1. Where in the range A:71-141 are the helices (runs of 4 or more DSSP H), entirely inside, with at least 1 residues that are in contact (Cβ under 8 Å) with a residue 60 or more places away in the chain and among the small types (Gly, Ala, Ser)?
2. Quick one: how many residues across the range B:181-236 are of a type in the set (Lys, Arg) and closer than 18 Å to B:Asn100 by Cβ?
3. From the residues in the range B:92-133 that are polar (S, T, N, Q) and within 13 Å of chain A (Cβ to nearest Cβ), which one is nearest to B:Met268 (Cα to Cα)?
4. With respect to A:Thr79, is the statement that it is among the hydroxyl-bearing types (Ser, Thr, Tyr) and crowded, with 16+ Cβ neighbours inside 10 Å true?
5. Which condition does A:Tyr179 not pass, out of (1) of a type outside the set (Val, Ile, Thr); (2) within 14 Å of chain B (Cβ to nearest Cβ); (3) closer than 17 Å to A:Leu95 by Cβ, if it passes all the others?
6. So which residues in the range B:178-215 are surrounded by fewer than 24 Cβ atoms within 10 Å (Cβ to Cβ), touching a strand residue (DSSP E or B) at 6+ places or on another chain (Cβ under 7 Å) and more than 11 Å from chain A (Cβ to nearest Cβ)?
7. What's the number of the condition A:Gln107 fails, among (1) under 23 Å from A:Trp186 (Cβ atoms); (2) polar (S, T, N, Q); (3) surrounded by 23 or more Cβ atoms within 10 Å (Cβ to Cβ)?
8. For the range B:103-119, state whether one or more residues are crowded, with 19+ Cβ neighbours inside 10 Å, more than 22 Å from B:Glu222 (Cβ to Cβ) and touching a strand residue (DSSP E or B) at 6+ places or on another chain (Cβ under 6 Å).
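The values are calculated or read from the model by the stated rules, or taken from the named source; none is laboratory data. This one's a predicted model, so the numbers in the text were calculated from it and none came from an experiment. Cβ sites come from the backbone with ideal geometry, for glycine too, and all protein chains shown count toward neighbours.
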Amino acid sequence: MSTHALLVDRGNLRRRNRVNRLVEASSTVAALLAVAVLLIVVGSVLSKGIGALSLHFLTTPAGLFGDTSGGISNAIVGTAIIVGIAALIAIPVGLLVAIYTTEFAPQRIAHQVRFVLDLLNGVPTIITGIFVYGLLVEHRHQSGFAGSVALAIVMLPIVARTAQEVLALVPGTLKEAAYALGVARWRTLVRVTVPTAAGGLITGALLAVARVAGETAPLILVCSIFGQGVLTEPSEALASIPVFIFQASESPSPEAHTQAWAAALILIAFVLALNIVARAFYARSRKRMGA
Amino acid sequence: MDSRASTESPAMTEPNPKSQASREAPAQPAGPTISVAGGSSSRLGTKSREIGNLELRGLNAFYGTNHAVRGVSMDFDSNRVTAIIGPSGCGKSTMVRCINRMHEEIAGARATGRVMLDGLDLYEGGIDVVAVRRAVGMVFQKPNPFPTMSVIDNVTAGLRLTGAPRSEMDDRGREALVGAGLWEEVKDRLKAPGVSLSGGQQQRLCIARALAVEPEVLLMDEPCSALDPVATLRIEELIGELKERVTVVIVTHNMQQAARVADTTVFMLNGELIETGPTDKMFTNPDDDRTEQYVTGKFG
């Protein structure tokens, strides 16, 4: 038998080629589908909401129930306050949890903390809302702060898990270099490890903010009955963009529906922008860590 | 005058083992940190020293139950370069990491025996590991400059991050760069990121960083293994100059390198010290058969 026989296309090889093409084609279709879903969602929100979008809409507070002459300035301010306080709670705690698990905890405990964070990440946000309702709203009243606490609980595992992944990427050789210079452990952490990972840590925090900015279920429970006008006091209930979208879409008036689409457009634009900024920070961080 | 020149090395036996406390209470006018006591950089360039003599006595090192270094006793003389050779996994890196107590940073690792620097046991209770590492500097296999810091900040990192006074920082940084043979190449881009330098320059930057804290001993763990031949040659030349300032201990896989740079060569096998002697003799006429077999390439 000449060696050319090896190069002849036999049945087995043909079959493997077919399987190869099939897998490649189906995974390509799946990837296109995912992109298509995003484009369809963004496209429909854009086409349905752009009509109601105006400077007036962005700078005027919502009118009384049923009155669609107002805008979402109170909801924008409310979301900024609620998410801002949530970030102030969740980001420092999340970073400390990540630092504890990657730098100090024994392997076994670190593993368990990771598992618990993954469980927390999987808790439906309506459950988080009910928990915070029982903790801070029942027998009292709704408040922006209660909304912040609920969103902070949603954010915490996201911040902590991404920070863990990023801190674990910091090369051990850098810590070694610092230790070998006689630098104390905490100082190595603060001056070498965290600055090296800074880009990735910021990325995680921004993604967590983007994730909770549109969170609706817990806010409906703990922060959805609010007064007129632009409110800024977090001890009282505050308006928010997701709750505005929910309430406007429940309304029978077509004008209110268009307003809901316009508010959704603002929310999506904000989340997309945050994601893009987060990617930029991540790219910078990867470069630093030689990845 | 250098306080470390005295026989008892008082810099190492701070009554308060918490280096942090001593940092926050800068009692010594010359400088708050331990091994900059005396502060003077006059020792750089000194032709001969009476300090920097290192003795190992019955040193054992373990990773869990793995006995990696087995009862090593030997001396490293000041103003000399000592090369440690041996096949992979023979414990040479581990032994060197015991000298600046980096070995104990690994979970489950421990060491027994004595490491004496100028008569003082570095493993004695009350000796602060931070003080040990300032007296015994280290350069690693791969250049590891801090990626968030500029060239000059990398060099002075050991000073800044251990709380040395800012005033002398620039001078000490420049002196260290001169000492590492890097000053001419980087003097115009001190503010550029340390990682923007070439691999060989980065390694000399790491040597400068180690020199800046003015150690008595410099440990080099295969410092050229990630470098090209030209950069390697540059570092080998530098090692010859460094021994005038520090006791140099270099771990190397490369026997030609040991022959080129070392005054004394040590051969290790399976965690044990097999033979130590003048480099010429070790490579031409060693006493032990195993040394002869190794240096003639029969194994390893």
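1. Details: elements: A:73-99, A:107-122, A:125-132.
Because the criterion is at least 1 residues that are in contact (Cβ under 8 Å) with a residue 60 or more places away in the chain and among the small types (Gly, Ala, Ser), the helices (runs of 4 or more DSSP H) in the range A:71-141 that meet it are A:73-99, A:125-132.
2. Qualifying residue count for the region: 1.
3. Step one: of the range B:92-133, the residues polar (S, T, N, Q) are B:93-94, B:100, B:112.
Next, from what is left, pick out any that are within 13 Å of chain A (Cβ to nearest Cβ): B:93, B:100.
Details: B:Ser93: 11, B:Asn100: 19 Å.
In this case the residue turns out to be B:Ser93.
4. Working: among the hydroxyl-bearing types (Ser, Thr, Tyr): yes; crowded, with 16+ Cβ neighbours inside 10 Å: yes.
For A:Thr79, the condition - among the hydroxyl-bearing types (Ser, Thr, Tyr) and crowded, with 16+ Cβ neighbours inside 10 Å - is met.
5. (3) is the only condition that A:Tyr179 fails.
6. B:Leu190, B:Lys191, B:Ala192
7. Of (1) under 23 Å from A:Trp186 (Cβ atoms); (2) polar (S, T, N, Q); (3) surrounded by 23 or more Cβ atoms within 10 Å (Cβ to Cβ), only one is false for A:Gln107: (3).
8. Yes: the range B:103-119 contains one or more residues that are crowded, with 19+ Cβ neighbours inside 10 Å, more than 22 Å from B:Glu222 (Cβ to Cβ) and touching a strand residue (DSSP E or B) at 6+ places or on another chain (Cβ under 6 Å).
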